[in-house]
Structures are given as C-alpha cells and as structure tokens.
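Worksheet: the structure to be examined is printed underneath.
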Amino acid sequence: MAWLRRTLKRLHAHNAGFTLPEVVVVVGILALGTALVGGGVFQSLSVQRFWRDKVEATREVRHAQSWFAGDALNAQATNLVDGAQPVSAVSLTWTGGGGVPHSASYSLSGTDLVRNFDGAETVLSQQVASVGFFRSGRVLNFTLEVQADRGGARSLSLQTYLRALQ
C-alpha cells in the first residue's frame, strides 16, 4: 500500500495540468468537430425526410386510384355526363352478387379525398391539391394531385373502362 502511495505521489508531482490556452484550443477543436458531424447528420436526415414526403404523396395517389379503379370496373351507372367538363365528385352504382345494390362516391372534403361506400366513409388521400372526374363514352377518367409536405406534388391520371355501363 505504501508503494502505491509513493508511486501516485511521484506521478502527481510532475503533473502540472493544462494551461488555459491548451484547454481553449481543445474545446475549439471539439466544437468544430461536433459542428461538422452534426451538420452532416442534419443534412442526411433532411434529405431523407424530403424523399419520404414524395414517396408518401405518390403512395396516397396510387392508393386512391386503386380504390377508384375497382369501383369503376363494377359500375353500372354514374352521375357523370358524357363529354362534360371534369368535376370534383362522382357517384358510381352497381348491383353485386345476389342482387345487392352498392354505391360508391368520391368527393373532396377540405383537402381530403373521401370515398363513401354504402354509407361508410374512408379517407383515401390527404393534402389533395386537385381532383377531376369526367367521362368520355365508356371511359371514366380520374386525375388526382397530392401535395408533398416539403413542396412539390405528385399527380397521376387514370382511365378505366366502365365495363357494365347501362
């Protein structure tokens, strides 16, 4: 034990510590390193959020068009007038298996595209910038544009044949 005390005393006797300029230089180097690493991490996360927003907008457009395509393929009647200008709402009706009548309507509620199927409402897309439904003969056209959170927009157009139009 005495040997350990003598060794520690000898080590501390020659240790004068750090001077103030040395501490300032070390802290400055650490701050610069932290700023560089932090800036790189921030930039990486910002780019990732930007791409995620665009992917989310594209997913919402495709999700809405998938539902609409399924309903349009079943439709036997619609409220759209052939050759008229695009409108922001549409109703589709058909008779399912066993003679059960169904109806689906699509409309904007604020910036949400809402599907009402037999009385049950579902939000298909959010942050909708524009929507248009129009009919040209037996072809039903649907255009949708969704805003991404960090700017930009995603839009797609869909043409679906009305299989069983009466």
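The values are calculated or read from the model by the stated rules, or taken from the named source; none is laboratory data. In this text the structure is predicted, and so the values were computed from the model without any measurement. Backbone-built Cβ (ideal geometry, glycine too); neighbour counts: all protein chains shown.
Being of a type in the set (Ser, Thr, Tyr), within 27 Å of the chain's Cα centre (by Cα), surrounded by 13 or more Cβ atoms within 10 Å (Cβ to Cβ) and modelled with pLDDT under 90, is that true of even one residue in region 147-165?
Quick first cut of region 147-165, residues of a type in the set (Ser, Thr, Tyr) only: 155, 157, 160-161.
Among the residues that remain, those that are also within 27 Å of the chain's Cα centre (by Cα) are: 155, 157, 160.
Pick out the ones that are also surrounded by 13 or more Cβ atoms within 10 Å (Cβ to Cβ) and you get 155, 160.
Applying the additional criterion that residues be modelled with pLDDT under 90 yields 155, 160.
Among the residues of region 147-165, at least one is of a type in the set (Ser, Thr, Tyr), within 27 Å of the chain's Cα centre (by Cα), surrounded by 13 or more Cβ atoms within 10 Å (Cβ to Cβ) and modelled with pLDDT under 90, which makes the answer yes.
Given the residues 59, 135, which is the only one that is more than 17 Å from residue 163 (Cβ to Cβ) and surrounded by 12 or more Cβ atoms within 10 Å (Cβ to Cβ)? Talk me through it step by step, then tell me what you get.
Numbers: 135 fails: more than 17 Å from residue 163 (Cβ to Cβ).
Criteria check complete, one pass: 59.
When you look at residue 120, is it over 19 Å from the mean Cα position of the chain (by Cα), more than 21 Å from residue 163 (Cβ to Cβ) and loosely packed, with under 12 Cβ neighbours inside 10 Å, yes or no?
On the way: over 19 Å from the mean Cα position of the chain (by Cα): yes; more than 21 Å from residue 163 (Cβ to Cβ): yes; loosely packed, with under 12 Cβ neighbours inside 10 Å: yes.
Here the answer is yes, as residue 120 does meet what is asked.
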Suppose we keep only residues that are at pLDDT below 90 and more than 11 Å from the chain's Cα centre (by Cα) within region 124-135. Which one would you say is nearest to residue 101 (Cα to Cα)? 124
Do we find that residue 144 is surrounded by 15 or more Cβ atoms within 10 Å (Cβ to Cβ) and under 15 Å from residue 66 (Cα atoms) in this structure? yes
Could you tell me whether any residue of region 146-153 is out of contact with any strand residue (DSSP E or B) (no Cβ under 9 Å at 6 or more places or on another chain), in a loop (DSSP other than H, G, I, E, B) and more than 17 Å from residue 57 (Cα to Cα)? no
Conditions (1) modelled with pLDDT of 85 or more; (2) on the phi < 0 side of the Ramachandran plot; number of the one not met by residue 83: (2)
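Can you confirm whether region 77-91 contains a residue that is in a strand (DSSP E or B), in contact with a helix residue (DSSP H, G or I) (Cβ under 9 Å, 6 or more places away or on another chain) and within 19 Å of residue 61 (Cβ to Cβ)? Give the steps one after another, and end with the answer.
Step one: list which residues in region 77-91 are in a strand (DSSP E or B), which gives 77-78, 82, 87, 90-91.
Subsequent filtering for residues that are in contact with a helix residue (DSSP H, G or I) (Cβ under 9 Å, 6 or more places away or on another chain) retains 78, 90.
Then drop every residue that is not within 19 Å of residue 61 (Cβ to Cβ), which leaves 90.
The answer is yes, given that some residue of region 77-91 is in a strand (DSSP E or B), in contact with a helix residue (DSSP H, G or I) (Cβ under 9 Å, 6 or more places away or on another chain) and within 19 Å of residue 61 (Cβ to Cβ).
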Options 70, 96: the member that is without any contact (Cβ under 8 Å) to a residue 24 or more places away in the chain, in contact with a helix residue (DSSP H, G or I) (Cβ under 9 Å, 6 or more places away or on another chain) and not aliphatic (A, V, I, L, M): 96
